[in-house]
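See structure below.
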Amino acid sequence: MKNGIWKFGTKEVVYGAIGAALYGVLSWATNYLALPAAGNISLRPAVAIPMFFGVAFGPIVGFIAGAVGNVLGDFMSGWGFWWHWDLGNGLMGLIPGLMAASVVSFKARPTIVKAVIYSIVAAAVGMLVPSLLEIPLSGLDLNTALVGYWFPAFLSNAINGAILVPILMVAYDAVSSRSGR
Amino acid sequence: MENHAISTPLEIKNLNFTYRIRTTPAIENINLSINPGELMLVAGASGSGKTTLMRCINGLIPRSYTGIIAGEVNLFGTPIDQLSMSELSQTVGTLLQDPERQIVASYVLNEVAFGLENLAWEREKIIQRVDETLAFLNISNLRDRETFTLSGGERQKVALAGVLAMNPKILILDEPLASLDPASAHEALILFRRLADEGISIMLVEHRVDEVLAIKPDRVFYLDEGKEIYSGDPGGLFYTANYHRIKLPAEIILERAKAEGQPVKFNPAIVKLSEIQPDQKLLEFKNVSFSYDPTLPEVLHNISFDINKGDVIAVLGHNGAGKSTLVKHALGLLKPTEGQVLLRGIPSHKNTVARAAQTVGYVFQSPGHMLFAPTVKEELAFGPENLKLSPAEIKENVDWAIKTVNMEEYADSPPLALSYGQQKRVSIAAILSMRTRVLVMDEPTAGQDYWNYRFFMDSILEMPGFGSIVFITHDVDLAVVYANRILLLSEGKLVADGSPKEVLGDAEMLKRCRVLPTSLLDINLKHFPKTGRFMRAEELAHAL
Amino acid sequence: MLVTWKYRNRGKFLDTLDPRARWITSFLVLFSIIQFWDIRFMLFFFVLAMTQYFMTGLKWSETKRVWMFVTLLVVVIVGLNALLSGRGGPGEVLQSTEHIIWETNFTIPLVNWDFHPNITVNKLAFALTQIIRMLSSAVLFFIIPWTLDPRLYGVTFGGMGIPYRFAFSMDLAFRFVPSLARDFGITLDAQRARGYEIEKLEGGIFQMIRRVAPLIVPIVMNSIINGEDITNAMDLRCFGLEKRTWIEKLTYRRRDYAWIGFGAAIFVASLILNYGFNVGEFWVPEFMYLLAK
Ligand SMILES: Nc1ncnc2c1ncn2[C@@H]1O[C@H](COP(=O)(O)OP(=O)(O)OP(=O)(O)O)[C@@H](O)[C@H]1O
Ligand SMILES: Nc1ncnc2c1ncn2[C@@H]1O[C@H](COP(=O)(O)OP(=O)(O)OP(=O)(O)O)[C@@H](O)[C@H]1O
Ligand SMILES: [Mg+2]
Ligand SMILES: [Mg+2]
């Protein structure tokens, strides 16, 4: 990563788009399959994708994957358009991207631990922003925003991310050893 | 650039390249040149450096791929590193192997316009140029279609139009036939010849040498392990190239094999039973019809046949004939809309896929669609674990499967880091480890070079343990060499079901079903009265 | 699996507008809505949003799902807000304990929290205002997938000053969706052929999430590998030079200016009313006090 993590060339354009399409399609497909859910934590494994794309390709790619991906997922499922949640999902990909420059090996233990921590923080911050925006938009009070929106979304995303991001990183390590630009 | 007319389009001198992450060069000491309107075939086995050479010509090396480069590449007399990206792209056009991975727009119009949009041409000029290009390729009717809905052959023409719209003088085609059925491949080849006749210099990378020769390339460049082995007219290749590594015309192999020793004997493990006992019926299709959705047209029409112990079945048919749809019924991935599919007597709608998977193993075309585990061992254990076998059984099956596909030394490597050919073998082993009785393979050889796929098919057919093997293929040679029974599909109907001689001997019917005969089939048919069965060219040379 | 976009040209007036005009006006109206808490203003905006909705010519069968989703969301959130003390928005109004309509007292078991979810006139009026407000902004935006052509997103955002690479990335994402949906179907089948049963994921939540890996790892890795070719294909056709033409052309016509002008007028009027005249604060209709005991 010669030009730093904020570089935005052809590669980033392509991986941003791939991440977004993956996030959209997998969110749509898994809710279409009606995966089992336990309590408040629904199985929405796709949230790991923007986080992983951030870690692997930098914050801008992560942001596009999260934000555009959420738009696509809502479009496919027929849930309309919710711009502030798109923004929050973008942040969920952007924040793990901040560590992209420091990655040497995707399967090194410390790197994986770091990625998990970043993903959890990303889930917290990413979901906090739209939850807080609900306060002026919908006139909620802080408690409702936190209990009604933020906490369930944060918990579910953090757990899904913490489990799946490492799995994707290990797989990606193998893929990137084969070729690459 | 007025000097186009006088200087050679492409001249390469002493070119070497080593990728950043490798220690050995991918290509070494390459010298070649190409004239206007010349069609050059670049042949070589997998990993011989063909793609690397092409990347040196289109500028991806060293712009995008870093490494150590030495030597000269001149385009119309100008060294390539003195050309800007936009000059370069209007001189050299590249069509990548899989059009699916080259198409960047959702609509045909936008796809063809993409390069010109990037060059910031004026809108009206772009549209005019796009329309001209589409008309030139006879695909004006596709102009407003979505790229996703195109068939394989159409998709390739659209990708080609996107490249030609930029008006390149040199065209690089990297294995353009890989994803096409023989009829579409033939059509594409004729198109390439026409482009060369219009004055474009073409470099066509392909290991299906046999088929390319039909359009009479002007020259052949043959690579092995990054080095030039042969460069000259096509005739000379026949006697220098190793016919085990690339596919030469059958007559040539016949002639050359005669002069050499006996080939290694091929011993298929499945032996056709002389008569079929009723309890040997593995699968029965009874009047099966199918449509994906009530609103969509029917894809299979009233198909009936049995699969018995001892059958090695090749399923042939054009793109979209319904081959994949048909074989997916064997496992119950699809259930017939009318009729029944019985697996050892149990109708598929009373069975789960997981239960059927204990009898029928289905290997999908691309290993990339199924590999996920961190090690080969875990990958192979996935199936048996799902089937709830005991740990001891799982271990035993996994060890056996790894050994059968000859991958012991990779047992603990990640499957995703292996080469394509190795991944393909892992994907077969992942099915083998479930110890199924019937093996079903969808286009098992697609994307592999001749040497690899022959080795691979030989070893599968020599594996013990299967009652029957079914494979879908576009390669008639594969059916000739391996099958003892052929199902011929056309437009959702089962047109023929019989021995290779019965089905493939009927030239009229093949033509109707858009299946192209090959040189190997022709000589086998010619000598059939003497041999009494179909065989590969090397074997034939000694049987006569 | 086949993906179908919801967009169709329904031949209505809205379909003839420049998408940029649609976006600009939608946001202008949204920023107007959030300035007010007066139910009369909210009703006005609700009528506006519904007018736009009816102008789309969408059928009930097409939007049934999103209506149910929005209704459920609004009810749950407003209910929760009322329960959890019910401040927010202009807030303090709800502190008032006068005009009680209905009174309860209960203690949440385990944690021994005392709860007094009294329903006061103020609370009820506030909840009603809130419901209408949330619905208005939802209706304003949720029609987008049905009424904006996906092939125009790139130009639209490119034309609104967003860097063209970013805009193109959106276009490309739309291009990948059908291919990836198909790949997902293939991978699902390939794993089912190995005895994998997605419907029967078992074990605890952690175990269950981990069991999704065989489904998502192949698709993600496969598309990352394909990405290398796509990047090459784009570089080879000069993507990334200074300037770029978009072959789709968007031009503002008179009706687009009119549409934006309408949005701007509403926004300016809202600013004046809110900051200039201080109107639009929370308001309880007189008659509602009659409901109180
Ligand atoms: N991006 C890359 N990074 C590192 N090594 C590479 C890269 N691409 C190719 N190689 C290596 O360079 C060698 C030549 O590969 P190349 O792709 O040019 O072969 P090829 O003849 O095109 O093979 P195929 O028929 O399989 O496409 C191989 O050993 C390959 O592993
Ligand atoms: N998931 C699907 N949904 C709807 N239609 C489909 C689906 N899969 C295939 N079809 C259609 O069914 C027909 C038969 O397709 P199928 O994939 O079985 O052909 P095939 O003989 O395997 O072709 P190929 O040689 O290209 O693999 C085609 O017209 C195809 O468009
Ligand atoms: Mg190659
Ligand atoms: Mg098929």
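The values are calculated or read from the model by the stated rules, or taken from the named source; none is laboratory data. As the structure is a computational prediction, the values presented were derived from the model and not from experiment. For neighbour counting, all protein chains shown are included, and Cβ atoms are generated from backbone atoms with ideal geometry for every residue, glycine included. These area figures cover heavy atoms from the full protein model, side chains too; ligands, DNA and RNA do not enter into them. Shrake-Rupley method; radii C 1.70, N 1.55, O 1.52, S 1.80 Å.
In Å, what is the Rg of the alpha-carbon atoms in chain B, and how long is Dmax?
Looking at chain B, its Cα Rg and Dmax stand at 24.8, 77 Å.
Tilt of helix C:39-55 relative to the longest C-alpha principal axis of chain C, in degrees (0 to 90, nearest 10)?
Roughly 30 degrees between the two axes.
So which GluC sites (Glu not before Pro) in segment C:126-220 pass both tests, a DSSP loop state and at most 10 other Cβ atoms within 10 Å of the Cβ? List each step's numbers first, then the result.
Numbers: sites: C:Glu197, C:Glu199, C:Glu202; in loops: C:Glu197, C:Glu202.
Those satisfying the criteria are C:Glu202.
Do the sum for chain B: with -39,500 (n - 2.57) for every DSSP H run of n ≥ 4, divided by all residues, what is the mean residue ellipticity at 222 nm, to the nearest 500 deg cm²/dmol? Each step should come with its number before you reach the end.
Working: 21 runs with 195 residues, N = 544.
Rounded to the nearest 500, the figure is -10000 deg cm²/dmol.
Rank-order B:121-131, B:379-389 by packing density, defined as the average count of other C-beta atoms within 10 Å over each peptide's residues, highest first. Could the numbers behind the result be given before it?
Details: B:121-131: 15.6, B:379-389: 21.9.
Result, highest mean Cβ count within 10 Å first: B:379-389, B:121-131.
Using only C-alpha atoms and all pairs of different ones, pull out the Kirkwood radius for segment B:1-118 in Å with one decimal. Each step should come with its number before you reach the end.
Numbers: mean 1/r = 0.0633 Å⁻¹.
Result for segment B:1-118, one decimal place: 15.8 Å.
Rounded to whole Å and sorted largest first, what semi-axes of the equivalent ellipsoid does the C-alpha gyration tensor of segment B:115-223 yield via the square root of 5 times each eigenvalue?
Value: 26, 17, 11 Å, ordered largest first.
Determine the order of A:Thr30, B:Thr66 by accessible area, beginning with the largest, at a probe radius of 1.4 Å. Working shown, then result.
Numbers: A:Thr30 10, B:Thr66 60 Å².
These residues rank, largest area first, as B:Thr66, A:Thr30.
What quantity of accessible surface, computed with a 1.4 Å probe and excluding non-protein components, is buried in total between chains C and A, in Å² to the nearest 100?
On the way: alone 18880 and 9380 Å², together 21990 Å².
Summed over both sides, the interface buries about 6300 Å².
Modelled label-to-label distance, B:Thr8 and B:Asn319, 7 Å Cα→beta-carbon offset: nm?
3.6 nm
I'd like the mean, over residues of A:156-165, of how many other protein chain beta carbons sit within 10 Å of each residue's own Cβ. All intermediate terms of the calculation are to be shown ahead of the outcome.
Working: counts 2, 0, 0, 3, 3, 1, 2, 8, 7, 0.
Across A:156-165, the average partner-chain Cβ count within 10 Å equals 3.
Output the direction-averaged projected area (hull surface divided by four) of the convex hull of the alpha-carbon atoms of the protein assembly as shown, in nm².
Numbers: hull surface 182.6 nm².
For the protein assembly as shown, the mean projected area of the Cα convex hull comes to 45.6 nm².
With a cut-off of at most 12 other beta carbons within 10 Å, and DSSP calling the residue loop, which GluC sites (Glu not before Pro) in segment C:204-293 qualify? Please list them. Before the final figure, lay out each step's value.
Numbers: sites: C:Glu228, C:Glu242, C:Glu248, C:Glu281, C:Glu286; in loops: C:Glu242, C:Glu248, C:Glu281.
Hits after loop and neighbour filter: C:Glu242, C:Glu281.
Could you give the spread of the C-alpha atoms of segment A:72-161 along their three principal axes, from largest to smallest, in whole angstroms?
Extents along the principal axes: 45, 31, 20 Å.
Please list 3J(HN,Hα) in residue order for segment B:340-350, calculated via the Karplus relation 6.51 cos²θ - 1.76 cosθ + 1.60 where θ = phi - 60°; whole Hz, with x for glycine and proline.
Rounded to whole hertz, the list is 9, 10, 10, 9, 6, x, 9, x, 5, 6, 9.
Taking the 0 to 90 degree range and rounding to the nearest ten, how far is the long axis of helix C:121-142 tilted relative to the main principal axis of chain C, both from C-alpha atoms?
Here the helix axis deviates by roughly 20 degrees.
Tell me the angle of helix B:123-136 to the major Cα principal axis of chain B, expressed in degrees between 0 and 90 and rounded to the nearest ten.
60 degrees
Show the residues, 5+ positions off or on another chain, whose built amide H is closer than 5 Å to the amide H of B:Leu282.
Placed amide hydrogens put B:Ile307, B:Asn308, B:Lys309 under 5 Å from B:Leu282.
Could you go through segment B:76-86 in sequence order and give the Karplus-derived ³J(HN,Hα) for each residue, using 6.51 cos²θ - 1.76 cosθ + 1.60 with θ = phi - 60°, rounded to whole Hz, and x for Gly and Pro?
Coupling constants for segment B:76-86: 6, x, 9, x, 4, 6, 9, 8, 7, 4, 6 Hz.
Between B:Ser289 and C:Tyr275, what is the label-to-label distance in nm when each label sits 7 Å out along the Cα-to-Cβ direction?
7.1 nm
Sort A:87-96, B:40-49, C:15-24 for me by packing, meaning the mean count of neighbouring Cβ atoms within 10 Å per residue, highest on top.
Values: A:87-96: 28.3, B:40-49: 22.7, C:15-24: 18.3.
Order by mean packing, descending: A:87-96, B:40-49, C:15-24.
Over the Cα atoms of segment B:310-385, how large are the radius of gyration and the largest Cα-Cα distance (Dmax), in Å?
Over segment B:310-385's Cα set, Rg and Dmax evaluate to 14.6, 42 Å.
For segment B:393-544: lysine pairs with Cα atoms under 17 Å, gap of 8 or more or different chains, count? Before the final figure, lay out the partial values.
Working: B:Lys395/B:Lys403; B:Lys403/B:Lys424; B:Lys493/B:Lys511; B:Lys501/B:Lys511; B:Lys501/B:Lys526; B:Lys501/B:Lys530.
For segment B:393-544, qualifying lysine pairs total 6.
Give the Rg (one decimal place) followed by the Dmax (whole number) of chain C, computed from C-alpha coordinates and expressed in Å.
25.3, 77
How much FRET efficiency would the formula 1/(1 + (r/R0)^6) give for A:Asn143 and A:Ser177, where r is the Cβ-Cβ distance and R0 is 41 Å, rounded to 0.05? If you can, show how the numbers build up before the last one.
Numbers: r = 49 Å, r/R0 = 1.20.
Using R0 = 41 Å, I get an efficiency of 0.25.
Binned at 5 Å from 0, what are the whole-percent values of the Cα-Cα distance distribution for chain A, short to long?
1, 9, 17, 22, 21, 15, 8, 4, 2, 0, 0
Measure off 7 Å from each Cα along the Cα-to-Cβ vector at B:Ser84 and B:Thr149, then give the distance between these two points in nanometres to one decimal.
Between B:Ser84 and B:Thr149, the label points sit 4.0 nm apart.
Which value, to two decimals, describes the C-alpha radius of gyration of segment B:167-280 once divided by 2.2 N^0.38 Å?
Numbers: Rg = 19.2 Å, N = 114, 2.2 N^0.38 = 13.3 Å.
Ratio of Rg to 2.2 N^0.38 Å for segment B:167-280: 1.44.
Rounded to the nearest 500, what is the 222 nm mean residue ellipticity of chain A from helices alone, with -39500 (n - 2.57) per DSSP H run of 4+ residues and division by all residues? Please list the in-between numbers first.
Working: 6 runs with 123 residues, N = 181.
Value at 222 nm, helices only, nearest 500: -23500 deg cm²/dmol.
In terms of the ratio Rg/(2.2 N^0.38 Å) built on C-alpha atoms, what value belongs to segment B:432-517? Write down the numbers at each step before the final one.
Values: Rg = 13.8 Å, N = 86, 2.2 N^0.38 = 12.0 Å.
Rounded to two decimals, the normalised Rg is 1.15.
What lysines does B:Lys125 reach when the alpha-carbon gap must be under 27 Å and sequence neighbours fewer than 8 apart in one chain are set aside?
Partners found: B:Lys157, B:Lys169, C:Lys243, C:Lys249.
In a Gaussian network model over chain A where Cα atoms closer than 10 Å are linked, find which of A:Val55, A:Val121, A:Val104 has the largest mean-square fluctuation.
Evaluated over chain A, the most mobile residue of the options is A:Val104.
Counting other Cβ atoms within 10 Å of each Cβ, which GluC sites (Glu not before Pro) in segment B:160-227 have at most 15 and sit in a DSSP loop?
Numbers: sites: B:Glu187, B:Glu198, B:Glu206, B:Glu211, B:Glu225; in loops: B:Glu198, B:Glu206, B:Glu225.
Qualifying residues, ordered by number: B:Glu198, B:Glu225.
Can you give the calculated 222 nm mean residue ellipticity of chain C, where each DSSP H run of n ≥ 4 adds -39,500 (n - 2.57) and the sum is split over every residue, rounded to the nearest 500 deg cm²/dmol? Walk me through the numbers on the way to the answer.
Working: 10 runs with 166 residues, N = 293.
Dividing the helical sum by the residues of chain C leaves -19000 deg cm²/dmol.
So what J values fall out for segment B:233-244 if you push phi through Karplus, 6.51 cos²θ - 1.76 cosθ + 1.60 with θ = phi - 60°, rounded to Hz, Gly and Pro as x?
6, x, x, x, 4, 4, 9, 10, 6, 7, 6, 7
Using 0.36 nm times the number of residues separating C:Arg10 and C:Leu241, minus their current alpha carbon distance, what extension gain do you get? Walk me through the intermediate numbers first.
Details: separation 231, 0.36 × 231 = 83.16 nm, distance 3.71 nm.
So the extension gain works out to 79.5 nm.
Near the amide H of B:Met441, under 5 Å away, which other amide H atoms are found, from residues 5 or more places off or on another chain, if H is placed in the peptide plane?
HN-HN under 5 Å from B:Met441: B:Val363, B:Val470, B:Phe471, B:Ile472.
Let me see the P(r) profile for segment C:219-293: every Cα-Cα distance counted, bins of 10 Å, each bin given as a percent of all pairs.
Histogram of Cα-Cα distances, whole percents per bin: 13, 16, 15, 16, 17, 14, 8, 1.
Skipping prolines and chain starts, which residues have an amide H placed within reach, meaning under 5 Å, of the one on B:Leu95, given they are 5 or more residues away or on another chain?
B:Ile172, B:Leu173, B:Asp174
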